[in-house]
Structure formats: structure tokens, C-alpha cells
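Here's the structure, in C-alpha cells; my notes come after.
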Amino acid sequence: MRSRFTARQRAVVAIIGIIALLAAACSSDSDDSDSSANGSAGSDEIIEARGFSADDVTAALKTYQPSGTHDDYMMFASGGHGGQVLVIGMPSMRLLRVIGVFTPEPWQGWGYGEVGQKEIFAEGSEGLEEELTWGDTHHPALSETGGDYDGEFLFINDKANARIATIDLRDFETKQIVKNPIAVNDHGGSFVTPDSEWVIEGGQYGAPLGGEYADLDSYESDYRGMVTVWKFDREAGRIDPDASFAMELPPYWQDLCDAGKLVSEGWIFCNSFNVEMATGLDPDDPDNTEVFEAGASAGENDYMHVINLEAAAEVAANGGTTDINGFPVIPLDTSIQEELLYFLPEPKSPHGVDVTPGGEYMVVSGKLDPHVTIYSFEKVMAAIEAGGFDTDEFGVPVLAFDDVVEAQVEVGLGPLHTQFDDNGYAYTSLFLDSAVARWSLGGPYRDDGWKLEGTIEVHYNIGHLAAAEGDTVSPDGGYLVALNKWSSERFAKVGPLLPQNFQLIDISEEGPDMQLLYDMPIGIGEPHYAQIIKADKLDPWEIYPEVGFDPGKMEVDPDAPKVGEEGVTRDGNNVTIDMTLVRSHFTPERVEIKEGDHVTWNLTNIEQSLDATHGFSLPGYNINLSLEPGETATVEFDAVDSGVFSYYCSEFCSALHLEMVGYMLVEPQDG
Ligand code: CUK
Ligand code: CUA
């Protein structure tokens, strides 16, 4: 219902009316005909002509970003199985960039022949027969300092293939993809510790660690779960696999993880489902009639994994690991002996786990339970201290639910993920209700804590939600984005595959009310999580700092082609081309080689002007680069096809862009 105007909305409409009157008065000497189409003079007519409600008008005013002005926030959203990261300005919800990560992306020249990029893709496929050219991105993690986003790096996981990518936010480009050597897929990644010392990657579907074969009949003995903690070397801007380690876990399906912060810093929390260890419908076994969706949620409880990361890192550093595929893994028995791992019972089939801004509580939602369950870190520590636990069948201590739970709040059906604001509220997505619940945190946050404040409908089937800086130690509040899986009838029809729907919500007012501001269809993937950072924390380069800069190494390449040193040189059948690019020509414009030559083609865009990007598109050889101002790159290939190939610039860079072309002549061997 959009009919009831609040006092605030009436005021806004009145103000608009006054502005319209003033504008009309100022322009009264001009002719009166088309004011509604052209200027501010006719805003009340526009409102009427377009049938806007008061809510529509306030929503428009809150989200409109005048041409040439910049958004206050930037949202980094996973691109789901599109394999990329989406960068969106907020509150305008304008898509600003799609960062190529696990999937080649031709506009950025990402993955179309550049040698350094080939190495990144190869590292991301280490140990596999087939090179991977897609990923299922779920959880982006901005690097943090002291628990706050610092705007320097972004990590994102590939659920499908158990990988983590590192993106440098100086140029918004992917620098590294690490393949988890012991896991097939992941899910509890990526999450960073408060100073980004570690990047957490929790597992998902149990499997023998290291990729060995084992029959599903031996699930309990041979299948395992895992969590991997990757060491991040901030100086190098890369994850350091040699300083990283993993922990063997029972073959429950670990799901989301989160890092402790402030009072809980040094610990990590991962929930899990399928503690039942269901193995799927077995066509050969008439007794096994349980499909996964029944078998994996048959029991009343699953387990949150409480992991002492600091102690685990010490155990790993002191050699308390075994080697799986050359990767150090702390065996489950060691974790139990060294008191690194505890379980907390969770309501059945939990999904999210989110640590409150101060680190005091862990919030878990059960997909099949209408409550959020809030655990107290202090109580967990006290229960561990007190000792005397039960264990699960693998010997892992299970703390008693009543000893560690702080509160439960009934929020609605299908609760999944939780975010926080600056008013002491938490926001939980309700998948089945297609709504967001706002509820109050207790303890140090609010006196009226642990109760539902209100809900707002979203459209539809919300998965994650993201609030402005909503998972840091100091959330900003103000805005929340619902990341909805279904859009149903909300947009013009585009065939049976519908876009997903991001909805911007104003959460700035306390109390039960929240306002839906904007729908943003996403037609390029199924996004999962997103993080929203204050835009002024980002300080990306506008051009590469020096001509001849190699984004792969993030430094100047002394061998990058320079003006006056361009040319084609031959050594046997190895041909090297040194080329510069500037508006509007390639130097050289003619490259004459022979069929069978091995070609190394070095290119430098010598421009230092903002936005003066050139493309390098070589037909027939699947080569396509985007060279930003100052950038150098190298492609290598064998000239297997003879003929005439006109390489050209694919960025419309100048009035004479069409003339930015050259010929590669490949003379046939016996011609
Ligand atoms: S999961 Cu997507 S809706 Cu991978 Cu975080 Cu919950
Ligand atoms: Cu350079 Cu078009």
C-alpha cells in the first residue's frame, strides 16, 4: 500500500511544489508551453503525469545522482556463476564496473591472450587437467584494518572450484587466483580477519581431502570437511600459499564462516548443515529413500564450528600438520587434542553466521526455523573453561546449547543472513517471507534488545543483504540492499531467464519503518553477497603511475616497448614485436612474419591522459587486450594460420579511431 502519506512525505511534496512555483515564477517571462518536459518548472506536473506517489517522490529524491556527481558508497557484489565482481555506486545503483575474475571478459581484455593473465588462470587451475574458465563467486571480502574496510584489496571465493581471487583496488584488477589443493568446492569464503592477516575459506560438500576417490558407502570414514586459512601478504598484495594451512573437519557440510573481531578476535566461526551425513538417494538400496533435501535436514540440530585460529596458526607453524597434496593440514585429532575446535548446537539447517560489530555475539539463522539464534562469545569461552563436554561421533567437544545461547528472536520464515547498522539494529533476510526483518540487538547495543522491530517486503526470495559497512566494527547504517533471487513480474519481459533484483532500502529512521527506494535488475549472474564501502575510502589510480607499467607485477617493466624503439625483430623463427599505442596509431603498422613463427608481441599504451584506453584486437587468434593509459602487456602465440590479419583498436578512442589499425601479414610456409 502506497497511499498513506506520512508527515515527512507531505513536507517533501510541499517543498517540491514550492520549488516548482519558484522556478515557474523565475521563468515567467519565457513562454509557457513545454515546461513539464524540459525543466524544474513542471515538477508537480511530472509527478502527476507519471502518477507518482509521495513515496515514489521521496525515493527518487533520495537516489537521484545528478549528472557528473559521484555516489557516496560503492557496493562490491559477487557475480554468482557469472564468475565476476560487480561494482555499483550507491544510492544511484549505477553499475560502474564489472571486474573480470574467474571468467574471461573481453571488454577488459581479461583472459584473451595476455601472458601474465594466462599465468593467473593457470595458477587457478593448478592440479586440474582442464583449465577452468568460470567460477561461482559468492562472498566478496574487502580488506580490513582494525576491523574496518581499508579500501585496498578485495577477495572473492569460487564456490564451484574452491578458489580465492585477490583483486587490487588500486586498479580494480584481479592479481591472483589460488586453487585450494585439498578441496573440490568451498563456501565459507572469503572472510577476512580484522587486519586481513588471514583470508578464510570454509568448505561445503564433504569429499575425500586432496581429490582422492572413495565410495559414498564409506562417507563417514573417508569423506571430510575442511577450513583453509590463507595468509595474506599485504606488502606483496598476494595470498602466500606457502604460509597458509587448512584444518580437517568432520564431513558435515560447512557453510558460511565469519571472523571474530574485537572481543572475539583470533577466533573463527563456521556453521554447518548435513550433520546427518546424508549421502543422497541410492538407486541400489531400497532402504535408502532419502533425497538430500530430506536427509540433510532430518535432525533437529547442526553444529557451529568454533575455531581458535590463533592457536591453530601456532600448531601449524610448529609442524602439527600432515601433508595433503603438498598442503599442510591440521588433522582432526590434533585439533581435538590441542583444543582448537568446539561445536555449538544450531537450529536445524542453518545458513548464515554473522558476528556483531563488537564481536560479542554470533548470529545464526536456521533456514527451517523462524528464529535467529544469538550466541554469546563470552558464554562460549566460559563453557570451554568449565569443561566437561559431550562429544560428537568424531570426538569433537559439543557445548550445551543453553550454556552458550544469549537470545533467540522470532523474525519470520526462512531467515538466512544478518547485517548490522549504527543504531544497534540487526537486519535478517527472510527467504520464504520475501522480506527483511529489523530487530534490535541487546547487551551493549540497545536497552530494548532482542526483539523484532519491523519488516519490509522485498521482491522476491531474498538471499543475502548488505548494509553500508554492515559487517565491520563500525557500521554506517543509512542504506541496506536486498539481493533478491527472483524478480518475477517486476521488469519488462526478457524471455524465461529473468534478471535478479537488487533493492535499495532506506534504513536511516529508527523504529519499525524502512523505505524501499530503488530496484536494480542484474542480468549478468546470480549475485550472492555484497559489501558496501564508503566511497572516499577508495583511492584508485586514474591512470597507471608510469608509462610501461605492468599491472600483473604492479611495477614498471623496464623492457616495455618505448617510443623510438618499436619494431619487429627475428631470431630464427622467434619473432618479437615491440609496439607502442597512442591516439590514433600503432607503431609499427605493418608486421610481416611467416607461418609457424613463434610470436612475442609486447605493447605499451604510452598515453597519460585520463580515459585514453586503447584496445588491441587481433582477428583469428582469439587475442583481445585493453591497454589503459601507461599499461604494458605481452601476448605470445604461434602463427599457425597464414593470411592477412588487420589488427585494430577496439576502443573508440578518437575521431580517427577507425584508422588505428595495422596489418599482420603471415606468409605461408611454402608460398
Ligand atoms: S550463500 Cu548465496 S544466499 Cu553462498 Cu552466502 Cu546465502
Ligand atoms: Cu585507440 Cu581506438
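The values are calculated or read from the model by the stated rules, or taken from the named source; none is laboratory data. Nothing here was measured: the structure is a model prediction, and the numbers come from that model. Virtual Cβ from ideal backbone geometry, glycine too; neighbours counted across all protein chains shown. The accessibility values were calculated without ligands, DNA or RNA, using every heavy atom of the protein model including side chains. Shrake-Rupley method; radii C 1.70, N 1.55, O 1.52, S 1.80 Å.
Listed values, structure above:
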{"read-out": "Gly449 open to solvent by less than 30 Å² (accessible area, probe 1.4 Å), modelled with pLDDT under 95, in a loop (DSSP other than H, G, I, E, B) and not basic (Lys, Arg)", "value": "yes"}
{"read-out": "Residue list for region 466-486, restricted to those being under 16 Å from Asp148 (Cβ atoms) and of a type in the set (Lys, Arg)", "value": "none"}
{"read-out": "Close pairs (6 angstrom Cβ cut-off, 6 or more residues apart or separate chains): assigned by TED's automatic domain parsing to the domain that holds Thr391 in region 228-254, aromatic (Phe, Trp, Tyr) and open to solvent by 50 Å² or more (accessible area, probe 1.4 Å) anywhere", "value": "Trp253/Tyr205"}
{"read-out": "Search result, residues across region 253-280 that are assigned to a loop (DSSP other than H, G, I, E, B) and either of a type outside the set (Gly, Ala, Ser) or closer than 14 Å to Gly299 by Cα (or both)", "value": "Lys261, Glu265, Asn274, Val275, Glu276, Met277, Ala278, Thr279"}
{"read-out": "Residue tally, condition under 42 Å from the mean Cα position of the chain (by Cα) and buried (at least 17 other Cβ atoms within 10 Å of the Cβ), over region 589-599", "value": "3"}
{"read-out": "Candidates Lys159, Lys118 - the one that is in the same structural domain as Leu256 (by TED's automatic domain parsing), open to solvent by 30 Å² or more (accessible area, probe 1.4 Å), out of contact with any Pro (no Cβ under 9 Å at 6 or more places or on another chain) and within 30 Å of Asp476 (Cβ to Cβ)", "value": "Lys159"}
{"read-out": "Cβ pairs under 7 Å, 6+ apart, first in region 656-671 and touching a residue at least 24 places away in the same chain (Cβ under 8 Å) and open to solvent by 80 Å² or more (accessible area, probe 1.4 Å), second of a type in the set (Val, Ile, Thr) and more than 16 Å from ligand 1 (Cβ to nearest atom)", "value": "Tyr663/Val644"}
{"read-out": "Qualifying residues in region 233-252 (those that are open to solvent by less than 10 Å² (accessible area, probe 1.4 Å) and assigned to a loop (DSSP other than H, G, I, E, B)) - the one farthest from His138 (Cα to Cα)", "value": "Pro250"}
{"read-out": "Where a residue in region 554-583 is within 16 Å of ligand 2 (Cβ to nearest atom) and its partner, wherever it lies, is modelled with pLDDT of 95 or more and open to solvent by 70 Å² or more (accessible area, probe 1.4 Å), with Cβ under 8 Å and at least six apart", "value": "Thr580/Lys562; Thr580/Val563; Arg583/Leu656"}
{"read-out": "Pairs with Cβ under 8 Å, 6+ apart, first in region 397-426 and within 16 Å of ligand 2 (Cβ to nearest atom), second open to solvent by 10 Å² or more (accessible area, probe 1.4 Å) and not in a loop (DSSP other than H, G, I, E, B)", "value": "none"}
{"read-out": "Residue count, region 609-641 (criterion: open to solvent by 50 Å² or more (accessible area, probe 1.4 Å) and either within 14 Å of ligand 2 (Cβ to nearest atom) or more than 13 Å from Gly113 (Cβ to Cβ) (or both))", "value": "4"}
{"read-out": "Wholly within region 580-671, strands (runs of 3 or more DSSP E) carrying at least 2 residues that are closer than 25 Å to Trp541 by Cα and of a type in the set (Ser, Thr, Tyr)", "value": "632-638"}
{"read-out": "Exclusive hit being touching a residue at least 12 places away in the same chain (Cβ under 8 Å), open to solvent by less than 10 Å² (accessible area, probe 1.4 Å) and assigned by TED's automatic domain parsing to the domain that holds Gly352, set Thr174, Thr193, Thr145, Thr133", "value": "Thr174"}
{"read-out": "Search result, residues across region 516-556 that are in a strand (DSSP E or B) and open to solvent by 30 Å² or more (accessible area, probe 1.4 Å)", "value": "Leu516, Tyr518, Asp519, Pro521, Lys534, Glu555, Val556"}
{"read-out": "Meets criteria (crowded, with 16+ Cβ neighbours inside 10 Å and at pLDDT 95 or above) for Lys493", "value": "no"}
{"read-out": "Residue that is more than 16 Å from ligand 1 (Cβ to nearest atom), aliphatic (A, V, I, L, M) and more than 30 Å from Asp638 (Cβ to Cβ), where the choices are Ile532, Ile543, Ile593", "value": "Ile543"}
